[in-house]
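Visitor: Below are the structure tokens for one structure; questions will follow.
The values are calculated or read from the model by the stated rules, or taken from the named source; none is laboratory data. Not measured: the values here are computed from a predicted model. Cβ: placed from backbone, ideal geometry, glycine included. Neighbour counts: every protein chain shown. Keep in mind that these areas ignore ligands, DNA and RNA; they rest on the heavy atoms of the full protein, side chains included. Shrake-Rupley method; radii C 1.70, N 1.55, O 1.52, S 1.80 Å.
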Amino acid sequence: MIGLFVGPTFVYNLIDPQRSDAIDSTRSAIDLAKMKILKVRGDIVLNVKKNYYSYLFAKENSAKRNELVNKFQSKLEKAIYFFSAGQRPGLDVSKAEVDLADART
């Protein structure tokens with residue numbers, strides 16, 4: 001028995017290569033976007049940490065510089081007192097003034 005069929009036929013492909021390529025490229029674009037989001041988040045966290053530690057360093061540095069200024073201010077006052085009492089030369093007063101000016105800059 002031989003069966004012959006004459007007439008129009010329809011073909012439905014189960015796998016459409018163009019559609020599969022489009023889906024794959026879309027998935028790749030989504031994965032790339034997710035990776036970029038992770039990179040941006042990492043960069044933001046890194047910048048926040050850098051700025052926070054820079055702030056802490058500047059705060060501590062400012063406190064130490066204020067301590068130095070106070071120390072050299074008291075040293076200058078003592079040098080002026082001892083100079084006026086005649087126990088120290090004028091060079092000590094000048095040196096104390098220079099040290100105080102250096103600490104303020």
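Visitor: Would you pull out the residues with amide H under 5 Å of Arg88's amide H, same chain only if 5 or more places away, H placed 1.01 Å from N?
Guide: HN-HN under 5 Å from Arg88: Phe83.
Visitor: Another question, then. Work through the residues other than Ile23 whose Cβ is under 13 Å from its Cβ and net out their charges, Lys, Arg +1 and Asp, Glu -1.
Guide: Result for the neighbourhood of Ile23: -2.
Visitor: Note down the nm distance, to one decimal, between modelled labels 7 Å out along Cα→Cβ at Leu56 and at Lys78.
Guide: Computed distance between label sites Leu56 and Lys78 equals 3.4 nm.
Visitor: Let me ask something additional. Which value, in Å² and to the nearest 10, is the accessible area of Ile30 when all protein chains are kept and the probe is 1.4 Å?
Guide: 80
Visitor: Could you state how much accessible area Val45 has, in square angstrom rounded to the nearest 10, with a 1.4 Å probe and all protein chains kept in place?
Guide: 80
Visitor: Taking a cut-off of 29 Å between Cα atoms, list the lysines near Lys64, but don't count ones fewer than 8 places away on the same chain.
Guide: Filter leaves Lys49, Lys50, Lys75, Lys78, Lys95.
Visitor: May I pose another question? Using a cut-off of 11 Å between beta-carbons, work out the net charge of the residues near Leu68 (Lys and Arg +1, Asp and Glu -1, Leu68 not included).
Guide: Values: positive: Lys64, Arg65, Lys71, Lys75, Arg104; negative: Glu67, Asp99, Asp102.
Result for the neighbourhood of Leu68: +2.
Visitor: On to the next question. Just to confirm, what accessible area per residue do you get for segment 61-105 at 1.4 Å probe, in whole Å²? Working shown, then result.
Guide: Working: 3430 Å² over 45 residues.
Accessible area per residue, segment 61-105: 76 Å².
Visitor: Do the sum for the chain: with -39,500 (n - 2.57) for every DSSP H run of n ≥ 4, divided by all residues, what is the mean residue ellipticity at 222 nm, to the nearest 500 deg cm²/dmol?
Guide: Theoretical 222 nm ellipticity from helices: -29500 deg cm²/dmol.
Visitor: Rg and Dmax of the chain over Cα atoms: what are they, in angstrom?
Guide: 40.1, 137
Visitor: At a 1.4 Å probe radius, carbon and sulfur cover how many percent of the accessible area of the chain? Present the calculation step by step, with values, prior to reporting the outcome.
Guide: Working: 6020 of 9780 Å².
For the chain, the apolar C and S fraction of the accessible surface comes to 62 percent.
Visitor: Something else: Taking 30 Å as R0, compute the FRET efficiency from the Cβ-Cβ separation of Ala63 and Leu91 and round it to 0.05.
Guide: 0.45
Visitor: With every protein chain left in place and a probe of 1.4 Å, what is the accessible surface of Tyr52, to the nearest 10 Å²?
Guide: Surface accessible to solvent at Tyr52 totals approximately 120 Å².
Visitor: Put Thr105, Thr26 in order of accessible area, largest first, 1.4 Å probe: what do you get?
Guide: These residues rank, largest area first, as Thr105, Thr26.
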